[in-house]
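K.L.:
Sharing a structure below in structure tokens format, with a few things to ask.
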Amino acid sequence: MSSTVAIERSLSQDTFEVQPQAAPAAIATHEGDLYVTEKAVKRIRAALAKEGISPADGGLRLGIIGGGCSGLTYSVKFETRSRDRDRVYEFDGVRVFIDPKSFIYLHGMTLDCEETIMRQGFKFINPNSRSSCGCGTSFVA
């Protein structure tokens, strides 16, 4: 199983360190390329229903786009169908699509769901990230 990382900010400098951690509990896997926690699967399923997208046809698209304070930013969209050349993963009836270019940066990643008073949404635990900004949505590969 792939290890996950925690990004910690050094108080003495404006730098970030990547610290190895054990992978979150309750992970569904597919060929070792992508991990999605049960909480994230439930969140994806609920969002697809809210968007009126059938899980049999559509799914969650994960991607990487240039930009953000660290150079690369995660992209999350809901789509009604996959595209040619997409890698398509299925976790308990929920599909996740990743284009070939984004897969370079996302393989081995864990998608989790964070639900706290301060923050709600998807959390990317990416072993391919060397550093990250404070917002957690942008990183350097």
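The values are calculated or read from the model by the stated rules, or taken from the named source; none is laboratory data. Since the structure is predicted, the reported quantities are computational estimates derived from the model, not experimental observations. As a convention, Cβ positions derive from the backbone with ideal geometry for all residues, glycine included, and neighbour counts pool all protein chains shown.
Residues are listed down the side, and each one gets a yes or a no for (1) at pLDDT 90 or above; (2) farther than 16 Å from LEU72 by Cβ:
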{"site": "SER102", "(1), (2)": "yes, no"}
{"site": "TYR105", "(1), (2)": "no, no"}
{"site": "THR110", "(1), (2)": "yes, yes"}
{"site": "GLU114", "(1), (2)": "no, yes"}
{"site": "GLY121", "(1), (2)": "no, yes"}
{"site": "ASN128", "(1), (2)": "no, no"}
{"site": "GLY134", "(1), (2)": "no, no"}
{"site": "PHE139", "(1), (2)": "no, no"}
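K.L.:
Under the condition of being within 19 Å of GLY52 (Cα to Cα) and not small (Gly, Ala, Ser), which residue from region 92-106 is surrounded by the most Cβ atoms within 10 Å (Cβ to Cβ)?
P.N.:
VAL96
K.L.:
Just checking, does region 79-86 include any residue being within 14 Å of the chain's Cα centre (by Cα) and either not in a strand (DSSP E or B) or not small (Gly, Ala, Ser) (or both)?
P.N.:
no
K.L.:
On to the next question. Would you point out the residue of region 49-78, among those that are over 19 Å from TYR35 (Cβ atoms) and among the hydrophobic types (A, V, I, L, M, F, W, C), that is surrounded by the fewest Cβ atoms within 10 Å (Cβ to Cβ)?
P.N.:
ALA56
K.L.:
Within region 79-87, does at least one residue satisfy the condition of being among the charged types (D, E, K, R), at pLDDT 85 or above, closer than 15 Å to VAL41 by Cα and surrounded by 12 or more Cβ atoms within 10 Å (Cβ to Cβ)?
P.N.:
no
K.L.:
Does LEU72 meet the test of being in contact with a strand residue (DSSP E or B) (Cβ under 8 Å, 6 or more places away or on another chain) and over 22 Å from GLU115 (Cβ atoms)?
P.N.:
In short, yes.
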